Amino acid sequence: MNRSHLSPLANIFNPLTRQELNLRTAIHEAGHAAAIYLGNKHKQLPPVFFRIYINEPASRLQVPANSGKRQGNCMAEVEGGRLIHTLPSSIDMATRDFSSAQKQAYECAFDADIVNMLAGPLAEAKYIAQRDDELINPGLVNPDSLHFYGGSSDLEATNEYLACFTADRELRQKKMAELFLAAFNFVNNSWNWLAINALADYILMQSKNIIECEEAIAVINARFAAYWSPVKI
């Protein structure tokens, strides 16, 4: 799950400082990781391995302000975290010999992967709205707008999933709207937002290049271990 921008011109006209790029990237990747762990756990899906790779620790990252640089200089990305490892040509073909329960489990995993991909750019969008003292709701952001929150590669991967869901464009759009809302609600949940921010802070403090799955989970759990509450999506 890579953070990427729609166009290199986006940062030329709205230049990011090094610190702001680091923070936005950390929030984005923490959104992915928190959704993979908390969202899948809430849905009673199997645990899935992921790592957070830090391309260059924040203390050493050199991204000149006004540089307009893109993904190559972003400091972190989540690797792994998907329940569906190989996309089929279609869900119907992949599940044709499944029992009803197996098919339902496969479809749940399929949907969860998409929600977890959308959670990254939506977390970044929420951070920017809060930074600018603005409201955020599903009416103010939409899937296309996620390009402006580092979500181009996430949307590309999401569209690959949806192409397996159905060839019907209207049904794909309906499914996207449903899962986009689920991802928005996950990020907007106050407990989940605490977890996302805690993990983002941890990413920014690192002087190493890899945060292992167990380590990220421990950070999330420690943030609200004293007042754990069921996660609502």
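Any read-out appearing in this document is the output of simple, stated calculations on the displayed coordinates, not a laboratory observation. Nothing here was measured: the structure is a model prediction, and the numbers come from that model. Glycine also receives a Cβ, built like all others from the backbone with ideal geometry; neighbour counts cover every protein chain displayed.
What the table shows:
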read-out	value
Residue list for the stretch 146-201, restricted to those being of a type in the set (G, A, S), over 22 Å from R51 (Cβ atoms) and outside any helix (DSSP H, G or I)	A167
Any hit, the stretch 108-131, residues being among the small types (G, A, S) and farther than 17 Å from F184 by Cα	yes
Test result for I136, among the aliphatic types (A, V, I, L, M), assigned to a helix (DSSP H, G or I) and surrounded by fewer than 20 Cβ atoms within 10 Å (Cβ to Cβ)	no
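A quick yes/no check of all residues on (1) hydroxyl-bearing (S, T, Y); (2) within 13 Å of the chain's Cα centre (by Cα):
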site	(1), (2)
F98	no, no
K103	no, no
Y106	yes, no
L122	no, yes
R131	no, no
